[in-house]
Amino acid sequence: MVIYYAACALITLVALVILLCYFRSGRINFYFLILMLLMTFSNAGYLAVALSTSVEEAVLANKICYLDGCFIQPVTLLLICAIANIKLPKWLSFAVGVISFAMYAMVLSIGYSDIYYEDIWLERYGGATVLGHTYGSGHDLFYVMLVGHVLAQIGLLIYCFAKKKAVSRKSLWSLMILETVSVVSFLVGNFIEAEIEVLTVNYCINSWVLLYMYHRGMMYSLNDNIANTFSDEQKHCYIMFDKGMNYLGSSDNALSLFPELSECTVD
């Protein structure tokens, strides 16, 4: 089992290194980077749990693992909004952040209080260390947060498919894959032996889906690709296509001259 966790940690690390090699500044790219970091740290945490030799070590490693559950979902929500050009109210963004940090504060209390884990102990499975535990009331709130995020994200994606013609369908389908893989891995993890952490495979898949999205997203980032060519967007129009003559987007001036462009669907 140690080899299993080591392989998952290595796969997400390689994906992160590839992203960093091609990383460029930008709002959407920031969310990609944060998600990849969280997945890499979480898989490293699961490996650390498997290698731990004491309860204290396992608890510390487990707290690193929970970076995923507490922060990946809210960052994914922000990523969807950024890709779809949806602006969340400031109070809502603040509330999402406060809830996530409050959840992680309860995770950090593991070993000091029973609000999140009522009891903890070490087990061995397949040559790896497993942190045995019984859930406390705080974990129930954690599940409520997760379900709320998943429902909100799926709802946003459905809305984008129906209303947002200017958003890449390939990016939307990639995001839907992220949601589907996460939900399936969660359900599978609850039906098989609890000693095996299926989420590590989920992060391996999702990290490479994010790499694909990042590669595709660079084509749709009009500011990144056009700003150096047109220094004053107010005086120019542009319409973008890829090599396959798929529509990628256009400037506001082009939309004003050719209103029919608003009916074009990206990709």
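The values are calculated or read from the model by the stated rules, or taken from the named source; none is laboratory data. For clarity, every value in this text was computed on a predicted model and none was experimentally measured. As a convention, Cβ positions derive from the backbone with ideal geometry for all residues, glycine included, and neighbour counts pool all protein chains shown. The protein model used for the area step is the full one, side chains on, heavy atoms only, and it has no ligands, DNA or RNA in it. Shrake-Rupley method; radii C 1.70, N 1.55, O 1.52, S 1.80 Å.
Okay, here's what the table says:
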read-out: For the chain, accessible area per residue (1.4 Å probe, heavy atoms of protein chains only), Å²; value: 53 Å²
read-out: Charge tally in the Cβ shell below 15 Å around residue 41, where Lys, Arg are +1 and Asp, Glu are -1, residue 41 excluded; value: -1
read-out: Net charge of Cβ neighbours under 13 Å - reference residue 135; Lys, Arg +1; Asp, Glu -1; value: -4
read-out: C-alpha center-to-center spacing [segment 233-263, segment 141-186] in angstrom; value: 28 Å
read-out: DSSP-loop GluC sites (Glu not before Pro) across segment 107-209, with at most 12 other Cβ within 10 angstrom; value: 193
read-out: Sulfur and carbon atoms: percent of accessible area, the chain [1.4 Å]; value: 67 percent
read-out: Largest to smallest accessible area among 8, 21 [probe 1.4 Å]; value: 21, 8
read-out: Inter-label distance, nm, simple model (7 Å from Cα along the C-beta direction), residue 101/residue 55; value: 3.1 nm
read-out: Nearest-ten-degree value, helix 2-21 long axis tilted from longest Cα axis of the chain; value: 30 degrees
read-out: Chymotrypsin sites (Phe, Trp or Tyr not before Pro) restricted to DSSP loop in segment 94-174 with at most 10 other C-beta within 10 Å; value: 112
read-out: Helix axis angle, 169-191 relative to the chain longest principal axis, alpha carbon, degrees; value: 10 degrees
read-out: Calculated FRET efficiency for the pair residue 119/residue 147, C-beta based, R₀ 35 Å, to 0.05; value: 0.90
read-out: Net charge contributed by nearby residues that have their C-beta within less than 11 Å of residue 122 (K/R +1, D/E -1); value: -2
read-out: Members of 87/243; 63/170; 63/165; 63/163; 90/163; 87/170 lying beyond 29 Å, as alpha-carbon distances in this model show; value: 87/243; 63/170; 63/165; 63/163
read-out: Two-decimal log10 I(q)/I(0) for segment 1-136, as the Debye equation yields it once each C-alpha is a single scatterer, q = 0.10, 0.16, 0.18, 0.22 Å⁻¹; value: -0.41, -0.91, -1.05, -1.25
read-out: Degrees between helix 73-83 axis and first principal axis of the chain (Cα, 0 to 90, nearest 10); value: 10 degrees
read-out: Calculated FRET efficiency for the pair residue 169/residue 7, C-beta based, R₀ 30 Å, to 0.05; value: 0.40
read-out: Dipole magnitude of the chain about its Cα centre (Cβ charges: Lys, Arg +1; Asp, Glu -1), debye to nearest 20; value: 960 debye
read-out: Listed values (1) 60; (2) 45; (3) 71, entry calculated as percent of Cα pairs over 27 Å apart; value: (2)
